[in-house]
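One structure is given below, encoded as structure tokens.
The values are calculated or read from the model by the stated rules, or taken from the named source; none is laboratory data. Everything numeric here is computed off the predicted structure, so don't read it as measured data. Heads up, the Cβs are rebuilt from the backbone with ideal geometry, glycines too, and the neighbour counts pull from every protein chain shown. Accessible surface areas use protein heavy atoms only, side chains included; no ligands, DNA or RNA. Shrake-Rupley method; radii C 1.70, N 1.55, O 1.52, S 1.80 Å.
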Amino acid sequence: MTAILSSPIVQPNAYLLQPGEEGVIVGFSSQELAANLMAMGVLPGSKIRYVRRAPFSGAFYLAIDHHFLALRKTEFEAIVIRK
């Protein structure tokens, strides 16, 4: 199963979400990070909600389906969503 977007159509990046906003994961913009994210349960079709950001430019706290994750900025930016 591949979840990398290869089409030239621009999709919203999860990084553009504001705290409290939700979306659905449609793929990933980075093939290198896709395998790591999917191993953590960040899968296409999953519901994602931006909970909050850690202080001092820290991690991003996300609710993905029924669990919570803290991701680095590069990992968060690699998630492509549909609002």
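Here are some residues: SER46, SER6. Which one is out of contact with any Leu (no Cβ under 7 Å at 6 or more places or on another chain) and modelled with pLDDT of 95 or more?
Only one candidate qualifies: SER46.
Output the residue which, of all residues in the stretch 62-77 that are assigned to a helix (DSSP H, G or I) and open to solvent by less than 30 Å² (accessible area, probe 1.4 Å), is farthest from ALA35 (Cα to Cα).
In the first step, residues of the stretch 62-77 are kept if they are assigned to a helix (DSSP H, G or I); the result is 73-77.
Then drop every residue that is not open to solvent by less than 30 Å² (accessible area, probe 1.4 Å), which leaves 75-76.
Numbers: GLU75: 11, PHE76: 14 Å.
If we take residues in the stretch 62-77 being assigned to a helix (DSSP H, G or I) and open to solvent by less than 30 Å² (accessible area, probe 1.4 Å), then PHE76 is farthest from ALA35 (Cα to Cα).
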